Each structure stands twice: as C-alpha cells, then as structure tokens.
Amino acid sequence: MLRPLSSLSLSPGVRLKLLRAGFQFTAELQSFSPEELAEEAGVSQQEAQEVLEALGSSGGGAPPLTALELLQKEEQSRSIVTFCSRLDERLHGGIPVGKLTEVCGAPGTGKTQLCLQAAVDVQVPQCFGGLGGQAVVMDTEGGVLLQRLDDMATAAVRHCSLLASDEEQRVAMATFTVRSVLENVFLVRCHDYTELLAEVRLLPGFLRERPGVRLVVVDSVAFPFRLHLDDPPHRTRLLQGLAQQLVAVATGHDVAVVVTNHMTTRLGPGGSRLVPALGDSWGHAPNIRLLLKWAGPRRAAAIFKSPSHLSASVHFQITSDGFRDAEEEPDDQPQSKRPRGHAHQSASGAP
Amino acid sequence: MVLLREGMCPGLDRELLRGLRGADIRTVEGLVSSDIEELAQKCSVSYKALFAIRRVLLAQHAAFPVSGADLYEELLSSTAILSTGNPSLDKLLDSGVYTGEITELSGGPGSGKSQVCFGLAVNISHHLKQSVIYIDTTGGMTASRLLQMLQTETSNTQEQMEALQRIHVFRLFDVHALLDCLYDLCGGGLQRASVGGGSVKAVVVDSVSAVISPLLGGKQNEGMSLMIQVAAVLKTMAKDFSVAAVVTNHVTRSSGGEVQPALGASWSHIPRTRVLLQPAPSARPFSCCSLRSATLIKSSRQPCDIREDFDLQWWSRGEEGPSGKRKLDETHDESSLVL
C-alpha cells in the first residue's frame, strides 16, 4: 500500500514543502536523487538528503523476536533482590531488569528506602547471585539521604563477607566495599519537571557510556509533576512521553527502572479512598506496580499490577540495615490462608 | 493525490507537462478538478487531447465496483473467527475476534487487556497453528507468562516451543517506529513472518494509546494526523491481508466520573468492535481478585451494552475440571493473577 509522507518523521517545514510540491506518497520520491528532489521541492540539498535517508531507514527497523527468543532472554536476565525474601519470592527473584516498576505509597511507608536498598543490591557481585552493576538515582524530592545509603551498604557488605566461602567470592569481596558501593551510585538532583525530562532524554547517552548501569531510580516522579503543573492535559501528555522514554530505556539498555509515586484521595460513590497519584493514564505506564502501606502495626507491600506475577501482599520491615523481612510471619503457616494483618485486602476473595 | 509524470498515460508528454506546470497544475487531482476548456486555452493544447487524458486518468485512479454477491463469497472464504480461548469472551464477541477488522480492548490499569491479548496469541499459535504478530509498546510483553498459559494447554515441551516460535514480538516505543513497522508489515513483513509456520492471522498492538497519547492534547494537530494514519494502515492491513487487528486502549474519566475509552471521538469510529474491561462489580479496589467484567460498547453484530463476567485465571486453569464455574470457586481463595 502507499505510505503517505506525513507518516515519516520529518520536520514540519520540510514536510510542508514536499506537500506543496505535490508529493504525497513515499513511492513518488523513490526515483529521485537528492539534487533532483532539492530542485523539485524547493528544499535545501541537506534536507533532501535527510528525507531520502528517512525513506530508506523506514521499514528497516529491528527484526521481530519470536516469543521463544524472548523467553530465553528473560531466563538469562537476573532480577535485583530486595533483601526481603518474601517479596523476592513473589516477584520471582526481585525487581526485574528490563521492566518499569512503580513503587507507590503514602508518606513514610518506605518508598525511598526500597529504592536505596535496590541501588545497593544491584551492586552485589555476580558470584553472590547479584548483578554487579551500577545505579543511577534521580532525586526530585531531595529525600535521598546518603547516610542511609551508607548504612545499607555497610550491612550489605557485611552480609556478603559472612557468606564468602570460596576463592572467587573472596576475590570479589576485595572490590565490593562500602566505598565502592557509594562510588557506583550516580545521584542526579532534579529540581523540577523540566530538569527531570531533560535528564531522562540524556539518559540513553549516559547509559551507553556506562554499560554497567543496571538500575535507574526516579524518586519520585509524582512530586515535580504535582507541584509545578496546573494544566492537566499538558501534564498527561508530558507524563505519557516520559513513560514511553523510560520503558524504551528499560528495554533497550537492560536496566530495571524504578519510579516512586504518591497517593492521592479519590472521591467516589462509596466514600473516599487512597489511590496512586498522577491519574489513570499514568497507571498504564508501569509494567509492575507495588503498593507500600501500613497494615496495622506492620508494613506491607502488595503487588497489584503485573503481566506475569500473582497479586500478593507480604510484610516487611525497615531496620537500620535497610529493607528486610518482617520478623515473624504468622500468615506463612499453612493453616491460616489469609494474612491477618490486612483482612480488608482479601475480604473480597472470600468464597 | 499523485504527481503528474511523463508517460503516465498516452498523450502526456514532456511539453504538455511543462505547459501544465506553467498553469500551476502538478498533480492528477489538479488536472481532474480544473476546467478543461480554460486549461486548454491557457496551455494552448487541444481540448480533445486534454479531455482524453482526463478520462484515462480518472479510469486509472477510480475504484472498481464489486457486486455484493461476489463480495459476500469472498468474505465467506477469507474471514476467520479466532477464538480468544475464553468462552465468556467468545460469547460476547460473537464467537471470537474476526479477521478483516479492528477489535479494541480498553480498560484501566490492571484490567486484563494484555492478559486477553496473551490468551488470544497463545490460542492462535497453539490451537490454530497460525502465526501472530505482537507489537508491544509498553514493555509489558512477558514470554514466561505465555509459557505459563501454554503449559495449561499442553505438557508437550516441543509443542510449547513451536507455539512460542509462531508469536513474533516487536518492541517499539514511539509512533513513528510503530508506523514504520506497520507499513513494513504491509509491504512484505507479513509474508516473511509466515515463513516456516502458519500464516499470520492476527496483529496485536498493545497498546496503541501508549504511543499516541503523548502526542495528543497539545496545540499542534500533528498527533491527530498520526493517529488517523495508524488507524488507516491497520484497517487496510486487516482487510487486504485478512488478519485480525487487535488494539488495546486506555480509559479516561468523563466529567460525570464514568469510564470511557481514551483517544477521543475521532478514534472511536476506527475499531469495528469495542470491549471495555473492568474489575467485576463485586471486587474491591486493589483486591487480589481476578474476576473481570467485559462490556461490549460497540459492535455491528451483537446488541451493544451486553456484559459478560470472566476470570483471568481461565488461561492458567488446571488440566482437570472443564467446568469453569467450579474452577472459579477454587481459585477464589488463592492469590490471583493481576495485570
């Protein structure tokens, strides 16, 4: 079928000139040389060259993967452990590489703590089952405390040094130190959404220079967009663009992208309830959504959107060492099917 | 319209072309819609010659009428109805997704759109032994979930692997890449994907709104134009290659708080069949419930606004227990799969 010129990624000025000259379909341009086209359409030779290049490159995109190849790729890639074994288990090994994961929760539920924990855990050497990677943390709220990062790094290094049993692991421990952990976290402080958008645009270049990066954190994506943007359609548009770029980064560079989000109140017929902020359209963007909350006196994490995981809720705690399993977990006992702490959660699951 | 070129039809030579250019006529459209008599005087060519050229051009560019009976015959031989694998959804869709048209699944986050697409892809590749093109624009495509669905269908590893090989996945994240891919599929990509397996029966775009909505809502209307182009190429592809085009769409809230598919009124004319997926009314927000309700909001075959409840667990049900109802009760208590 004939492809209209307007579907090509051309600058508006050049496109207009081509249309004025009577060209409408890509097939009409095929026989032209850049010089002829420049004369015919009244564009510069440089522009004509670009048009013909756009024409040639279209259709020559990446060949499709079969689902089988994708499966093999998925099996090879490792996930980032969270050091909360129950959450890792439910996530089949941790925060997956190549996906966009959102962590939402009310203030003080541990979103930033989980992000920092992941930034440390991504660096665990491969012989310990980690990824031995680096992390980029984009801080939009100023909430990233290096002191906490230091605590968590100390705990992780201590944990691994206790585990080290063979020669390979002892060699790896020599380079896995608190200092190296801090060195391998790249912190970017973004003060508003413009800075955040600009930084995300630059991210592919940064990742090409540092192929070791396996984790990108945006903490939080909600704050700059809720603070400075009053025009909802404009906000949605920017957010959708940001989401697509983050997903492209995650897939293209094999990194795990973790973003955090606030909660907001939605008034409905059944009274008000807390829902993740930034609206429904943003809700489509993350591949996996985690909700952190207080369930009675304990902290709980729930998976509530994922194409491949069971929805589940687990308890965790935050200690001075970081993000950990809750100490005792009565709902792991087979006789009690329903987690006690959050009965309201599974009430609808009752037969 | 098409540019006028030398040798397009008898009588259209270089000299005449130059004359027409002088009268600022460059395209077929221009020539056909201008006043021939006036033009003949302006370019000093014979009225007769111009008239003949116009007739030939019109004949070349006109569509050809086909009798309804012939079309119906062709339709019967080329249309296939592809089951989604889920009986409730099939009932809603009048036994499945039809080739030759666009079917849209819309719903909020986690409403099961991708799961239905996965189920459809698995059903086509495993049961019908045909190929599927899956265009993933959100990074949500997870092959391990496909494998999981296949494992409930067959325990034969060889068959599972063969079925997975018939699903071709494109991962694209912007609208130009999507258009490049779709035009390439029309220009031979579909045939290439059919090599070594069944022919391509379905093209799934999950999701179409993820790439289009970043362009909408601004002052420029470029986004609108690109959206219509995506629609046009999908429609042409569905018809010409008799494949089923399945797209997923986000939802927005109207001012009244009602949920409706996104992308606005212009897009609403594009899909032939539209289905809205929602959590079943009994389910609470954020609960671990896999029950969903599907509402038919546009269809040319079935009465609209009919609703069917279904369970996302259906695609990962056990081997035994063909009764979906019983299975449903069993899975009720356990943690369930969400999208």
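The values are calculated or read from the model by the stated rules, or taken from the named source; none is laboratory data. Remember, predicted model here, so these are calculated numbers, not experimental data. FYI the Cβ positions are ideal-geometry reconstructions off the backbone, even for glycines, and counts take in every protein chain you see. These area figures cover heavy atoms from the full protein model, side chains too; ligands, DNA and RNA do not enter into them. Shrake-Rupley method; radii C 1.70, N 1.55, O 1.52, S 1.80 Å.
Rounded to the nearest 5, the antiparallel percentage of DSSP beta bridges internal to chain A is 50%. Charges on Cβ only, +1 for Lys and Arg, -1 for Asp and Glu, centred on the Cα centroid of chain B; of B:Phe173, B:Ala23, B:Ser194, which one is farthest towards the dipole's positive end? Result: B:Ala23. Computed over region B:14-61, the convex hull of the alpha-carbon atoms projects to a mean area of 2.9 nm². For chain B, a Gaussian network of Cα nodes joined below 10 Å ranks B:Tyr134, B:Tyr72, B:Tyr183 by mean-square fluctuation, and the top entry is B:Tyr72. Under 5 Å between amide hydrogens, built in the peptide plane, is the criterion, and for A:Val255 it picks out A:Gly98 among residues at least 5 positions away or on other chains. Charge dipole of region A:5-57 (Cα centre as origin; +1 on each Lys and Arg Cβ, -1 on each Asp and Glu Cβ, all else neutral): 280 debye, rounded to the nearest 20.
When the Gaussian network model of chain A links Cα atoms closer than 10 Å, the mean-square fluctuations of A:Gly132, A:Gly93, A:Gly13 top out at A:Gly13.
In the assembled protein chains, B:Glu6 presents an accessible area of approximately 100 Å² (probe radius 1.4 Å). Ignoring ligands, DNA and RNA, what percent of the 1.4 Å accessible area of the protein assembly as shown is carbon and sulfur? Here carbon and sulfur together make up 52 percent of the probe-accessible area.
Charges were assigned to the Cβ only: +1 to each Lys and Arg, -1 to each Asp and Glu. The resulting dipole of the protein assembly as shown about its Cα centre is roughly 1180 debye. Radius of gyration over Kirkwood radius for region B:11-110, both on Cα atoms: the Rg/Rh ratio is 1.37. Seen from A:Leu229, the other residues with C-beta closer than 11 Å to its C-beta sum to a net charge of 0, counting Lys and Arg as +1 and Asp and Glu as -1.
For chain B, the antiparallel share of DSSP beta bridges with both residues in that region comes to about 40%. Among the residues of A:240-253, the average count of other protein chain beta-carbon atoms within 10 Å of the residue beta-carbon is 5. Of the whole protein surface, B:Ser77 contributes about 100 Å² of accessible area at a 1.4 Å probe radius.
Averaged over peptide B:181-187, the number of partner chain Cβ atoms lying within 10 Å of each residue's Cβ comes to 5. Entry note: the protein assembly as shown has Rg to Rh equal to 1.02, where both radii use alpha-carbon atoms and Rh is the Kirkwood radius. Based on Cα contacts under 8 Å between residues 6+ apart, chain A shows a relative contact order of 19 percent.
Along the Cα-to-Cβ line of A:Ser11, 7 Å from the Cα, sits a label point; which residues in region A:23-47 have backbone N less than 13 Å from it? Within reach of a label on A:Ser11, which here means backbone N under 13 Å from a point 7 Å along Cα→Cβ, region A:23-47 contributes A:43-47. The gain in end-to-end length when the B:Ile81 to B:Ala280 segment is fully stretched comes to 69.0 nm, 0.36 nm per residue minus the alpha carbon separation.
For the residues of B:27-33, the average number of beta carbons from a partner chain within 10 Å of their own beta carbon is 1.
Under a model in which nothing but the beta-carbon of Lys, Arg (+1) and Asp, Glu (-1) is charged, chain B shows a dipole of about 560 debye around its Cα centre. Of the residues A:Thr112, A:Thr194, the one with the largest accessible area comes first in the ranking A:Thr194, A:Thr112, computed with a 1.4 Å probe on protein heavy atoms. In the assembled protein chains, B:Trp315 presents an accessible area of approximately 10 Å² (probe radius 1.4 Å). Here B:Arg192 and B:Glu37 are evaluated by their C-beta separation; at R0 = 51 Å the FRET efficiency comes out at 0.50.
An ellipsoid equivalent to region A:5-57, defined through the eigenvalues of its Cα gyration tensor, has semi-axes of 13, 12, 11 Å when rounded to whole angstrom and sorted largest first.
Taking the helices alone, the protein assembly as shown has a mean residue ellipticity at 222 nm of -12000 deg cm²/dmol, built from -39,500 (n - 2.57) per DSSP H run of at least 4 residues and averaged over all its residues.
The base-10 log of I(q)/I(0) for chain A, evaluated at q = 0.09, 0.12 Å⁻¹, reads -0.61, -0.94 [Debye formula, identical scatterers on Cα atoms, solvent excluded]. Got a sec? Charge dipole of the protein assembly as shown, +1 on Cβ for Lys and Arg, -1 for Asp and Glu; which of B:Ala69, B:Val132, B:Leu276 is way out at the positive end? The listed residue farthest towards the positive side: B:Leu276. Positive contributions from Lys and Arg (+1) and negative ones from Asp and Glu (-1), summed over other residues with Cβ under 13 Å from the Cβ of B:Ser194, come out at +4. Excluding ligands, DNA and RNA and using a 1.4 Å probe, chains B and A jointly bury around 5900 Å² of accessible surface, summed across both partners.
Largest GNM mean-square fluctuation across A:Ser31, A:Ser161, A:Ser308, computed for chain A with C-alpha springs under 10 Å, falls on A:Ser31. A Cα-only calculation for region A:82-121 places Rg and Dmax at 10.3, 28 Å.
Using C-alpha pairs under 8 Å with a sequence gap of at least 6, the mean separation divided by the residue count of region B:78-336 gives a relative contact order of 26 percent.
Summarising the amide proton neighbourhood of A:Gly105: residues at separation of 5 or more, or on other chains, whose placed amide H is nearer than 5 Å comprise A:Asn261, A:Met263, A:Leu292.
In this rough spin-label picture, where each label sits 7 Å from Cα along the Cβ direction, the B:Ala49-B:Lys239 distance is 3.7 nm.
For region A:267-289, heavy-atom accessible area (probe 1.4 Å) falls by no less than 50 Å² from the chain alone to the full protein assembly at A:Asp280, A:His284. In region A:118-160, the convex hull through the Cα atoms has an average projected area of 3.0 nm², a quarter of its surface area. Here the Karplus relation 6.51 cos²θ - 1.76 cosθ + 1.60, evaluated at θ = phi - 60°, turns the backbone of region A:80-91 into coupling constants of 8, 5, 9, 6, 10, 4, 6, 5, 4, 4, 5, 8 Hz, with x for every Gly and Pro.
Computed over the alpha-carbon atoms, chain B gives an Rg to Rh ratio of 1.10, Rh here being the Kirkwood radius from the mean inverse distance.
Checking the cross-link pairs A:Lys99/B:Lys298; B:Lys129/B:Lys235; A:Lys73/A:Lys99; A:Lys305/B:Lys113; B:Lys91/B:Lys201; B:Lys201/B:Lys235 against a 22 Å limit on the alpha carbon distance flags A:Lys99/B:Lys298; B:Lys129/B:Lys235 as lying beyond it. Between A:Gln45 and A:Phe25, the C-beta separation translates, for a Förster distance of 25 Å, into a calculated FRET efficiency of about 0.70. For B:Gly198, the amide hydrogen comes within under 5 Å of the amide hydrogens of B:Ser131, counting only partners 5 or more places away or on other chains and with H modelled in the peptide plane. Simple rule: put +1 on each Lys or Arg Cβ and -1 on each Asp or Glu Cβ in region A:5-57, find the dipole, and look at A:Gln49, A:Val14, A:Gln30; the Cα lying farthest toward the positive end is A:Val14. Excluding ligands, DNA and RNA, the accessible surface per residue across region B:14-61 is 65 Å² with a 1.4 Å probe. If R0 is 45 Å, what FRET efficiency do you get for B:Gln60 and A:Asp192 from their C-beta distance, rounded to 0.05? Efficiency computed from Cβ-Cβ geometry: 0.20.
With both labels modelled 7 Å from their Cα along Cα-to-Cβ, the A:Leu146 to A:His234 distance reads 3.6 nm.
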